[in-house]
Amino acid sequence: MPRFFFDTTLNNVTEPDREGVELHDAKTARQEAVRATAEMAKDLAHRSPEQDITIQVRDEAGERVGTVRLTLRIDA
Amino acid sequence: MFPAGHANSHPLIRKLESIAPLSDDERQAIVTLPMTIRDLNADQDIIRDQDRPSQCCLIIEGFACRYKVLPGGKRQIFSFHTPGDIPDLQSLHLQVMDHSLGTLVRSKVGFIPHETVQEFIRAHPRIGDIFWRDTLIDAAIFREWVANIGRREAYERIAHLFCELFMRLRAIGLNDGNSFPMPITQSELADATGLSTVHVNRTMQDLRASGLIKTTKKGVVTILDWEALQKAAEFDPTYLHLQKRAA
């Protein structure tokens with residue numbers, strides 16, 4: 001199976017993924033990125049209500065496979 | 001039958017003695033308990049959902065898990081099983097399997113016919129009590145897993161699973177100091193914790209970066225800071241009801 005890398009940016013701080021995860025294909029990698037973004041938002045929600053989360057997915061050659069962005073804002 | 005002269009290394013003795021004391025007679029009875037030993041490959045089903053088993057399975061070597069595949073194809077792993085566990089003991093009283101049991105790595109398992117287990121319990125009622133105690137601890141572990149999956153964040157959740165596996169493996173002597181075998185892939189870890197593989201992978205990198213654990217490609221986990229790992233996991237081992245072994 002091909003390996004995909006998921007670089008995470010949380011409120012402007014980027015953590016590059018040095019290990020990657022083996023997944024079936026690019027479509028599965030994008031779906032996994034969506035799930036991971038939602039899970040991170042859930043974990044972070046009660047620490048800080050406003051979040052900007054970006055996961056950039058790249059393949060082993062470094063080519064961009066997709067980007068998932070999630071912004072949580074409270075309009076009071 | 002289990003090879004003679006293995007009383008101290010018999011996995012069932014080690015397991016039961018981790019939760020209750022055994023007499024010499026009881027230990028001897030376990031050693032002579034007849035079973036058919038089979039070698040299984042990794043990722044092989046031992047029993048499947050809806051089966052009606054006529055025997056119980058003792059994990060002798062390796063790692064197994066209870067799991068269920070939902071109609072959409074998603075899998076939930078309910079529990080991990082280590083040598084000495086009889087994960088389908090319930091099949092003695094519940095005729096139809098309501099989940100599957102499979103290996104995670106190459107494993108050696110012993111199959112014991114239900115009738116043999118029943119005669120064994122009748123002949124050694126205290127061992128029957130210990131099986132009951134083990135079943136109650138099994139339920140306590142499930143309660144903790146519900147709290148873990150339902151209410152803890154990924155970082156605490158995975159740290160908690162490491163704490164649990166370390167305590168359980170140490171109780172049966174399968175640790176090497178602060179290191180223990182954990183031949184579980186990230187995808188299996190994701191199925192056990194209800195997280196995506198990507199989030200598990202990221203969280204594992206965080207746990208390593210915090211200096212709490214170290215892992216090898218061969219599936220050995222080393223706890224670098226046991227106090228800090230327990231604190232991060234909010235881990236309280238009461239639910240494992242482990243008994244201190246007599247030295």
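No value in this document is a laboratory result; all are computed from the given coordinates. This one's a predicted model, so the numbers in the text were calculated from it and none came from an experiment. Positions of Cβ are backbone-derived with ideal geometry, glycine not excepted, and every protein chain shown enters the neighbour counts.
With both labels modelled 7 Å from their Cα along Cα-to-Cβ, the residue A:12 to residue B:226 distance reads 4.3 nm.
Bridging of residue B:108 to lysines at a Cα separation below 29 Å is possible for B:15, B:68, B:74, B:214, B:217, B:218, B:244, once same-chain residues fewer than 8 apart are set aside.
Note: chain A, Cα convex hull, 89 Å³ per residue.
In whole Å, what is the distance between the alpha-carbon centres of segment B:150-211 and segment B:10-69? Centre-to-centre (Cα) distance: 23 Å.
Shape class of segment B:153-240 from the alpha-carbon gyration tensor: rounded, with the ratio a/c of largest to smallest axis under 1.5. Inter-chain neighbour count for A:33-44: the average number of beta-carbon atoms from partner chains within 10 Å of each residue's beta-carbon is 5. Amide hydrogen proximity for residue A:65: with H placed 1.01 Å from N in the peptide plane, the residues at 5 or more positions away or on another chain lying under 5 Å are A:57, A:58, A:59.
For segment B:58-217, dividing the convex hull volume of the Cα atoms by the residue count gives 126 Å³ per residue. Could you size up the charge dipole of chain A around its Cα centre, putting +1 on the beta carbon of Lys and Arg and -1 on that of Asp and Glu, and report it in debye to the nearest 20? With only Lys, Arg, Asp and Glu charged at Cβ, the dipole is about 200 debye.
The local environment of residue B:232, defined by Cβ-Cβ distances under 11 Å, has a net charge of -3 under the rule Lys, Arg +1 and Asp, Glu -1. The magnitude of the dipole of segment B:158-240, with charges of +1 and -1 set on the Cβ of Lys/Arg and Asp/Glu and taken from the Cα centre, is near 300 debye. Sparse packing (at most 10 other Cβ atoms within 10 Å of the Cβ) combined with a DSSP loop state is found for the following trypsin sites (Lys or Arg not before Pro) in segment B:28-85: B:74. Each peptide among B:193-200, B:54-61, B:24-31, A:53-60 gets the average number of other Cβ atoms lying within 10 Å of its residues, and from highest to lowest they stand as B:193-200, B:54-61, A:53-60, B:24-31.
Taking Cα centre as origin and charging only the Cβ of basic (Lys, Arg, +1) and acidic (Asp, Glu, -1) residues, the dipole magnitude of the protein assembly as shown rounds to 80 debye. The trypsin sites (Lys or Arg not before Pro) found in segment B:83-125 that occupy coil by DSSP, while having at most 16 further C-beta atoms within 10 Å, are B:106. Shape index of segment B:192-247: Rg/Rh, with Rg the Cα radius of gyration and Rh the Kirkwood radius from the inverse mean 1/r over Cα pairs, equals 1.05. Semi-axis lengths, largest first, of the ellipsoid equivalent to segment B:11-137 are 25, 15, 14 Å, with √(5λ) applied to each eigenvalue of the Cα gyration tensor.
If eta is 1.002 mPa s and T is 20 °C, what Stokes-Einstein diffusion coefficient results for segment B:5-49, Kirkwood Rh from Cα pairs, in µm²/s? The estimated diffusion coefficient comes to 172 µm²/s. The slack between residue B:216 and residue B:146, meaning 0.36 nm per residue of separation minus the straight C-alpha distance, is 22.3 nm. Approximating the spin labels as points 7 Å out from Cα along Cα→Cβ, the residue B:49-to-residue B:244 distance works out to 4.4 nm. Based on DSSP H segments of at least four residues, each scored -39500 (n - 2.57), the protein assembly as shown has a per-residue ellipticity at 222 nm of -11500 deg cm²/dmol.
Its Cα gyration tensor gives segment B:148-189 an equivalent ellipsoid. The semi-axes, each the square root of 5 times an eigenvalue, are 21, 12, 8 Å from largest down.
Each 20 Å bin, from zero up to the one with the longest distance, holds this percent of the alpha carbon pairs of the protein assembly as shown: 29, 53, 17, 1.
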